[in-house]
């Protein structure tokens, strides 16, 4: 889920993540951020979830026809800029954090075949 979060947000911001996933991954993402100890990304993600809930993204999508116009309207009417920018400015990136964790803890991810 960490790479799904990163791919969606890097590609189109948190609005894209919530529009595409409809919040289905929120718990798994939050659990992953906690597991890895990525508190800085956890804080940003929680801010984004609160924003998505406040602006009722899921309800808006389900009540509409899921058109490009409906999707892009969310970028104009919802204040994503500060949250997206906080994510983009966090260093190292989430991808780099996950890669470092995997290198430092390979025993946690080995599977017997």
Highest first, please rank the peptides 29-41, 52-64 by the mean number of other Cβ atoms sitting within 10 Å of their residues. 29-41, 52-64
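Which order do peptides 44-50, 104-110 fall in by mean Cβ count within 10 Å, highest first? Could the numbers behind the result be given before it?
Values: 44-50: 18.3, 104-110: 8.3.
Highest-to-lowest ranking by the protection proxy: 44-50, 104-110.
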Viscosity 0.692 mPa s, temperature 37 °C: give me the Stokes-Einstein translational D for the chain in µm²/s, with Rh taken as the Kirkwood radius over C-alpha pairs. 220 µm²/s
Measure out, as a whole number of angstrom, how far apart the alpha-carbon centroids of the stretch 1-21 and the stretch 28-87 sit. 8 Å
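In Å, the Kirkwood hydrodynamic radius of the stretch 44-89 over pairs of distinct alpha carbons?
Values: mean 1/r = 0.0889 Å⁻¹.
For the stretch 44-89, the Kirkwood estimate is 11.3 Å.
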Using the 2.2 N^0.38 Å rule of thumb for compact globular proteins, work out how the stretch 13-68 stacks up: its C-alpha Rg over that value, please. 1.20
Taking 8 Å as the Cα distance limit and 6 or more residues as the minimum spacing, I'd like the relative contact order of the chain as a percentage. 34 percent
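For a quick check: sort 21, 91 by the number of other beta carbons within 10 angstrom, fewest at the front.
Values: 21 17, 91 8.
Exposure proxy ranking, most exposed first: 91, 21.
Computed from the coordinates by the stated procedures, all read-outs in this text should not be read as laboratory data. All of these numbers come straight from a predicted model, not from anything done at the bench. Heads up, the Cβs are rebuilt from the backbone with ideal geometry, glycines too, and the neighbour counts pull from every protein chain shown.
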